[in-house]
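So the structure is just underneath, and the comments pick up after that.
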Amino acid sequence: MLVLETLRAVQQSLKTAIETNKKIGFVPTMGALHEGHLSLITKAKETCDLVVASIFVNPTQFNNPADLDKYPRMPEKDAALLESVGCDFLFLPTTESIYPEGYEHLKMDLAPLDEVMEGKYRPGHFAGVIDVVSRLFDIVKPTHAFFGRKDFQQVMIIKYMTKKLNLTIEIVVGETIREQSGLAMSSRNLRLSEQQKQQATVIYETLSFGKEMAPFLSPQEVLIEMISIIEASTLELEYLEIVDAETLLPLTDFWLPGATACVVAYCGEVRLIDNLELVTA
């Protein structure tokens with residue numbers, strides 16, 4: 001695996017692949033890699049000629065400076081993991097190379113996709129996401145980009161951005177990879193104690209309950225039951241919504257194909273995010 005630290009190195013390394021129309025798979029990450037990330041590399045290897053991963057902790061998508069400071073950074077361990085699953089290139093850019101002096105940040109109206117859930121509780125977050133993803137797309141020039149379903153709202157916004165910019169990049173979504181307990185794998189899990197990890201399993205238990213109840217109750221009725229489960233636990237619920245998979249707007253009376261429950265809850269100081277499709281698309 002080649003480690004690339006400059007834009008010039010990326011351009012030189014991928015020049016031949018681009019000119020010969022090779023399929024270039026791209027997995028952008030913020031590091032602290034786990035099996036979820038590695039599953040995306042594996043998925044990319046199955047369909048693409050070359051696979052590029054990037055590790056860049058993007059400051060523009062953190063609305064809480066403390067979260068940015070606490071974000072785990074372990075580039076050497078991450079590089080070893082990527083190499084172990086056959087990643088071809090690792091791009092490690094600096095903030096200055098991603099956002100050089102005079103760089104024009106991407107501005108795009110994402111409504112209503114960025115007005116609900118994460119958009120409501122983390123204002124400006126998705127503006128930062130599309131800014132960095134569009135910038136990385138421009139540098140790497142992939143034919144395929146791979147994202148995990150765990151960040152469901154983010155995936156839908158990246159799909160929307162790609163369409164609005166008329167990019168010919170295929171967005172491929174990998175299923176959420178879970179620990180044996182059902183807890184969605186996340187870089188933030190590194191900050192949980194073993195006891196907290198056990199407490200956090202209530203999130204997936206609640207989502208699974210919602211899926212079981214969907215054939216029998218309305219979305220609003222299922223939502224009330226799900227909220228009561230988490231509120232009775234040790235976790236602090238930030239939000240729980242059942243939404244249309246396309247618009248991300250809440251569903252109340254009727255189910256639509258792909259209806260998805262999205263949840264964020266705090267386990268101690270750690271903010272955990274998860275989702276589950278309740279009605280098959």
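Some notes on this structure:
- Some residue of the range 241-253 being among the hydroxyl-bearing types (Ser, Thr, Tyr) and surrounded by 14 or more Cβ atoms within 10 Å (Cβ to Cβ): no
- Among residues of the range 224-246 that are under 17 Å from residue 273 (Cβ atoms), those with a Cβ under 7 angstrom from a residue that is of a type in the set (Asp, Glu), sequence gap 6+ or separate chain, pair up as 237/231.
- The set of residues in the range 35-55 being outside any helix (DSSP H, G or I) and in contact with a Ser or Thr (Cβ under 8 Å, 6 or more places away or on another chain) consists of 48, 53, 54, 55.
- Members of the range 164-189 found to be within 17 Å of the chain's Cα centre (by Cα) and open to solvent by 60 Å² or more (accessible area, probe 1.4 Å), listed by number: 170, 175
- Test: residue in the range 46-55 that is out of contact with any Leu (no Cβ under 8 Å at 6 or more places or on another chain), more than 30 Å from residue 188 (Cβ to Cβ) and aliphatic (A, V, I, L, M): no
- Single residue of the range 19-34 satisfying the filter (open to solvent by less than 70 Å² (accessible area, probe 1.4 Å) and outside any loop (DSSP other than H, G, I, E, B)) that is nearest to residue 72 (Cα to Cα): 29
- Scope the range 61-86; condition in a helix (DSSP H, G or I), open to solvent by less than 50 Å² (accessible area, probe 1.4 Å) and either touching a Phe, Trp or Tyr at 6+ places or on another chain (Cβ under 6 Å) or modelled with pLDDT under 90 (or both); matching residues: 61, 66, 67, 68
- Tally, over the range 98-120, of residues that are over 28 Å from residue 264 (Cα atoms) and open to solvent by less than 30 Å² (accessible area, probe 1.4 Å): 1
- Subset of the range 121-153 [acidic (Asp, Glu), open to solvent by 10 Å² or more (accessible area, probe 1.4 Å) and touching a residue at least 24 places away in the same chain (Cβ under 8 Å)]: 151
- If the condition is being at pLDDT below 95 and not hydroxyl-bearing (Ser, Thr, Tyr), then the range 181-225 contributes 188, 189, 190, 191.
- Scanning the range 254-275 for residues that are in a loop (DSSP other than H, G, I, E, B) and buried (at least 17 other Cβ atoms within 10 Å of the Cβ) yields 255, 259.
- Within the range 109-223, helices (runs of 4 or more DSSP H) holding 2 or more residues that are touching a Ser or Thr at 6+ places or on another chain (Cβ under 8 Å): 125-140, 152-164, 194-200, 202-213
The values are calculated or read from the model by the stated rules, or taken from the named source; none is laboratory data. Computed from a predicted model, the values in this text were never measured in an experiment. No Cβ is skipped: glycine too gets one built from the backbone with ideal geometry, and neighbour counts run over all protein chains shown. Only protein heavy atoms, including side chains, enter the accessible area calculation; ligands, DNA and RNA are left aside. Shrake-Rupley method; radii C 1.70, N 1.55, O 1.52, S 1.80 Å.
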